[in-house]
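To start, the structure itself, in structure tokens.
The values are calculated or read from the model by the stated rules, or taken from the named source; none is laboratory data. Owing to the predicted nature of the structure, the values given are computational and were not obtained by experimental measurement. As a convention, Cβ positions derive from the backbone with ideal geometry for all residues, glycine included, and neighbour counts pool all protein chains shown. The area values use the complete protein model at the heavy-atom level, side chains included, leaving out ligands, DNA and RNA. Shrake-Rupley method; radii C 1.70, N 1.55, O 1.52, S 1.80 Å.
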Amino acid sequence: MTTRRVILSGSTFEERIGYARAVVDGDWVHVSGTTGYDYATMTISDDVVEQAEQCLRNIGAALEEAGCTFADVVRVRYLLPDREDFEPCWPVLRACFGEVRPAATMMVCGLADPRMKIEIEVYARRPAAG
């Protein structure tokens, strides 16, 4: 039987919308689209690179709670309202994923709040125990 558990970040959006930051389903970890909110202060930077850094901190915390690291990520999706904002984020993204080389997609789309400049979603596979 597969074990399933949810990981919550403390974001008010999780309760208001009805989702979890991540779901651990057996060996798989599905991290929801994550924006650059600092959930401790519920603030968000105006700078896309700072938002990308905060996205990755939020994702990293969820992965750690699930028993993973960025090295376990197999799929990443980047969602941005403005395609011009993607390239400035590349160095930050490469720092997390450059050696890992997960499958990746970047999509241009509207996000839930106009202050949001990037949203990142990842799937990871937990390392085998032992």
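Each stretch of four or more DSSP H residues adds -39500 (n - 2.57); spread over every residue of the chain, this sum gives -8000 deg cm²/dmol at 222 nm. Applied to segment 103-118, the Karplus parametrisation 6.51 cos²θ - 1.76 cosθ + 1.60 on θ = phi - 60° returns per-residue 3J(HN,Hα) values of 4, 9, 9, 10, 10, 9, 7, x, 10, 5, 9, x, 6, 6, 10, 7 Hz, with x for Gly and Pro. Backbone phi angles across segment 88-102, fed through the Karplus curve with coefficients 6.51, -1.76 and 1.60 (θ = phi - 60°), yield HN-Hα couplings of x, 7, 3, x, 5, 5, 4, 4, 8, 10, x, 8, 7, 6, x Hz in residue order; Gly and Pro are listed as x.
Quick check for you: with a 1.4 Å probe and neighbouring chains kept, what is the accessible area per residue of the chain, in Å²?
Numbers: 7330 Å² over 130 residues.
The answer is 56 Å² per residue.
Only the Cβ atoms of Lys and Arg (+1) and of Asp and Glu (-1) were treated as charged; on that basis the dipole of the chain about its Cα centre amounts to roughly 520 debye.
Over the chain, what is the percentage of antiparallel beta bridges among all DSSP beta bridges, to the nearest 5? Don't skip to the end; give the middle numbers.
Working: 22 of 28 bridges.
DSSP beta bridges in the chain are roughly 80 percent antiparallel.
Return the carbon/sulfur percentage of the accessible area of the chain, one whole number, probe 1.4 Å, all protein chains in place. Summing carbon and sulfur atoms, their accessible area is 51 percent of the total for the chain.
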